[in-house]
Amino acid sequence: MQFTSVGCQNCPALSTAIKAVQANIPGRLVAVSFHEDFKVQDPMTLPISAKYHSHLGEDGLPRFFLNMRTGDIGAYQSNIERGIENHLLLYPPTCGVAIETELNGRSLTLRSKITSSTYTVYRYEVMLVEDGIVYDQLGVSGSYTHNNVVRQVLSGSITGARFNYGEPLN
């Protein structure tokens with residue numbers, strides 16, 4: 001999760017670092033960017049953005065968190081890559097998730113499947129994100145393209161909804 005704003009001069013550096021990590025270690029990082037009003041009104045801000053930011057417990061921008069865990073990772077590529085490695089050591093993968101989406105006009109259908117190697121409770125977050133939004137950005141001359149912008153959160157809680165009605169999966 002990236003917390004950013006069009007009024008944040010240092011935020012483009014974090015976006016650049018995220019893109020570099022995605023290119024360097026493909027398939028390991030899916031970014032979502034929550035915009036907040038910071039110095040100026042940001043048209044991509046959602047009311048829920050501040051709730052997620054507050055839940056993770058860090059003030060200021062830019063901020064970056066892995067898998068909804070507290071502790072800002074930092075805005076540099078090396079910090080993010082090291083954070084991913086450490087996260088995988090602390091929380092080894094125990095499940096696989098497949099998601100299929102189908103868009104019919106303005107209706108979106110999501111189908112998910114989870115396979116677990118550990119008997120435990122799993123949570124999920126569903127967020128709609130948009131790429132390619134061209135809008136001003138402090139610290140950048142000319143046009144700037146915003147990607148991974150959270151447009152809507154479909155889960156009912158900022159800590160995630162539970163698979164299997166909250167019962168552990170086999």
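The values are calculated or read from the model by the stated rules, or taken from the named source; none is laboratory data. In this text the structure is predicted, and so the values were computed from the model without any measurement. Glycine gets a Cβ as well: all are built from the backbone with ideal geometry, and neighbour counts include every protein chain shown. Please note that ligands, DNA and RNA were not included when accessible areas were found on the heavy atoms of the full protein model with its side chains. Shrake-Rupley method; radii C 1.70, N 1.55, O 1.52, S 1.80 Å.
A compact table of results
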{"item": "Structure-based [θ]222 nm, the chain - -39500 (n - 2.57) summed over DSSP H runs of at least 4, per residue, nearest 500", "result": "-7000 deg cm²/dmol"}
{"item": "Sequence-separation-based contact order of the stretch 36-170, relative, with Cα cut under 8 Å and 6+ spacing, percent", "result": "18"}
{"item": "Centre separation in Å (Cα based) which lies between the stretch 20-40 and the stretch 78-129", "result": "16"}
{"item": "At R0 = 25 Å, FRET efficiency that the Cβ-Cβ distance of H55 and N104 yields, to 0.05", "result": "0.15"}
{"item": "Within the stretch 85-102, backbone nitrogen closer than 11 Å to the virtual label 7 Å beyond the Cα of S117 toward Cβ", "result": "92-96"}
{"item": "Prolate/oblate/rounded label for the stretch 46-112 (Cα gyration tensor, a/c 1.5)", "result": "oblate"}
{"item": "Linear extension gain, L29 paired with V129, 0.36 nm per residue minus alpha-carbon span", "result": "34.6 nm"}
{"item": "Mean accessible surface per residue for the stretch 65-170, computed with a 1.4 Å probe while every protein chain stays in place, in Å²", "result": "68"}
{"item": "The stretch 59-170 shape via C-alpha gyration tensor axes, a/c threshold 1.5", "result": "oblate"}
{"item": "Percent accessible area from carbon and sulfur atoms, the stretch 1-157, protein chains only, probe 1.4 Å", "result": "49"}
{"item": "Global form of the stretch 1-120, assessed from the alpha-carbon gyration tensor, a/c cut-off 1.5", "result": "oblate"}
{"item": "Long-range HN-HN contacts of R123 with modeled amide H, under 5 Å", "result": "F163"}
{"item": "Estimated FRET transfer efficiency when R0 is 22 angstrom, pair T94-I158 (beta carbons, to 0.05)", "result": "0.45"}
{"item": "Candidate aspartates and glutamates - alpha carbon under 15 Å from K51, same-chain residues fewer than 8 apart omitted", "result": "E36, D37, D59, E125"}
{"item": "Straight-distance crosslink candidates among lysines, where the alpha carbon sits under 16 Å from K39 and sequence neighbours closer than 8 are dropped", "result": "none"}
